[in-house]
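This report refers to the structure that appears directly beneath it.
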Amino acid sequence: MSSASPLRLPTDVLPSGRADFRTMAVRPVRFVGFWTAVVAPLAYLALLASPLDGRSRLLLLTGVFFANVFGLIVGRGYRADA
């Protein structure tokens, strides 16, 4: 039985010993997307309870909405392969 170290390279390492660039680039992006999708709904509550005027609130809500959609799309596959 082997113990998994959190500092090990991904299992899909090329024969030359270098990690696959796509794998190394996609994982952090999915991580950020996933956690954006998790945390963004909390911002809705804070914005709705804040005393901002109509235009500022609308702009912020629109930005949070698009960040939430971005997070849902990009973070969809996060930890699905683990």
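The values are calculated or read from the model by the stated rules, or taken from the named source; none is laboratory data. Keep in mind that this is a model prediction, so the values were computed, not measured. Heads up, the Cβs are rebuilt from the backbone with ideal geometry, glycines too, and the neighbour counts pull from every protein chain shown.
Regarding region 69-79, can at least one residue be identified that is under 16 Å from the mean Cα position of the chain (by Cα), modelled with pLDDT under 80 and not hydroxyl-bearing (Ser, Thr, Tyr)? Quick ask: steps written out before the conclusion?
Of all residues in region 69-79, those under 16 Å from the mean Cα position of the chain (by Cα) come to 69-79.
Adding the requirement that they be modelled with pLDDT under 80 leaves 79.
Now narrow it down to the ones that are not hydroxyl-bearing (Ser, Thr, Tyr): 79.
Taking every residue of region 69-79 in turn, at least one turns out to be under 16 Å from the mean Cα position of the chain (by Cα), modelled with pLDDT under 80 and not hydroxyl-bearing (Ser, Thr, Tyr).
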Going through region 24-51 one residue at a time, which ones are surrounded by 14 or more Cβ atoms within 10 Å (Cβ to Cβ) and over 15 Å from the mean Cα position of the chain (by Cα)?
Ala43, Tyr44, Leu47
